[in-house]
Each structure stands twice: as structure tokens, then as C-alpha cells.
Amino acid sequence: TSAGSDLVRAIDGVVVAFEGDEFDPATRSGWSVVVTGRADVVTDPVEHERLSRTGPASWMPARHEVFVRIASEMITGRELGTR
């Protein structure tokens with residue numbers, strides 16, 4: 001996300017939930033996963049550089065991009081299907 005975003009100021013150091021989903025309309029199947037835990041903005045320059053090379057790519061690249069790490073405390077999920 002962007003370093004100056006309201007999101008960064010709101011979540012740094014607090015418990016958050018992040019959901020990832022995938023659905024295939026052709027097979028009417030997919031999955032949904034929720035990770036809950038404390039969020040921290042990655043401030044270490046070496047770690048930021050490593051994540052810039054190997055981490056997730058943003059759909060909307062921003063100048064002064066920051067990474068947010070979630071220390072998972074709970075992970076839940078389910079498989080979606082027509083069974």
C-alpha cells in the first residue's frame with residue numbers, strides 16, 4: 001500500500017483480518033481463507049528491498065510503497081463447491 005495512506009496509519013500495530021478468495025465459475029468451486037493477527041508496517045530497509053524483489057506484486061503500484069505484515073494468530077478457511 002502507499003506509505004501515506006489512511007490504511008497504514010489505521011492498522012499499524014493493531015489486530016486485523018485479511019481475506020483471500022478464488023472462485024472458478026466454470027466448475028462452481030473455489031476457496032476462501034481469512035488470516036487474523038497483528039499488523040505491522042515493514043520498516044527495515046533490507047527486508048523492504050527483499051519483499052520488493054520477491055513479495056507480492058501490487059495491482060496498483062504506488063510511489064513510496066510499503067509492505068504490511070500480519071503475524072497470524074488465527075487462520076480459517078473453507079473450500080467452496082457444489083458437493
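The values are calculated or read from the model by the stated rules, or taken from the named source; none is laboratory data. The shown structure was predicted, so the numbers you read here are calculated from the model rather than taken from an experiment. Glycine also receives a Cβ, built like all others from the backbone with ideal geometry; neighbour counts cover every protein chain displayed. When the accessible area is computed, the model is the full protein with side chains, heavy atoms only, and any ligands, DNA or RNA have been set aside. Shrake-Rupley method; radii C 1.70, N 1.55, O 1.52, S 1.80 Å.
Across region 1-50, which residue is nearest to the chain's Cα centre (by Cα) among those that are of a type in the set (D, E, K, R) and under 28 Å from ARG78 (Cβ atoms)?
GLU19
Only one of the numbered conditions (1) exposed (fewer than 10 other Cβ atoms within 10 Å of the Cβ); (2) out of contact with any Lys or Arg (no Cβ under 9 Å at 6 or more places or on another chain) is violated by SER52, and that is (1).
Scanning region 18-49 for residues that are surrounded by fewer than 13 Cβ atoms within 10 Å (Cβ to Cβ), hydrophobic (A, V, I, L, M, F, W, C) and within 23 Å of GLY4 (Cβ to Cβ) gives a single hit, VAL46. Under 9 Å between Cβ atoms, at least 6 apart or on separate chains: pull out the pairs that start in region 1-23 with a residue that is under 24 Å from LEU80 (Cα atoms) and end on any residue that is open to solvent by 90 Å² or more (accessible area, probe 1.4 Å). Every condition considered, the pairs that remain are VAL16/ARG38; ALA17/MET74; GLY20/TRP31; ASP21/TRP31; GLU22/TRP31; PHE23/TRP31. Taken together, the criteria exclude GLU73 from residues that are surrounded by fewer than 14 Cβ atoms within 10 Å (Cβ to Cβ) and under 23 Å from SER5 (Cα atoms).
Across region 55-66, the qualifying residues are those that are farther than 17 Å from GLY20 by Cα and surrounded by 13 or more Cβ atoms within 10 Å (Cβ to Cβ), and the one among them that is modelled with the highest pLDDT is VAL66. Per the conditions (1) part of a loop (DSSP other than H, G, I, E, B); (2) touching a residue at least 40 places away in the same chain (Cβ under 8 Å); (3) not aromatic (Phe, Trp, Tyr), the sole criterion not satisfied by GLY77 is (1). If the condition is being more than 19 Å from VAL66 (Cβ to Cβ) and not in a strand (DSSP E or B), then region 10-40 contributes PRO25, ALA26, THR27, ARG28. For first residues located in region 46-69 and part of a helix (DSSP H, G or I), partners that are surrounded by 10 or more Cβ atoms within 10 Å (Cβ to Cβ) and lie 6+ apart or on another chain with Cβ distances below 7 Å form the pairs HIS48/VAL42; HIS48/PHE67; LEU51/VAL42; LEU51/PHE67.
Would you check if VAL33 is touching a residue at least 12 places away in the same chain (Cβ under 8 Å), under 30 Å from GLY81 (Cα atoms) and not hydroxyl-bearing (Ser, Thr, Tyr)?
The answer is yes for VAL33.
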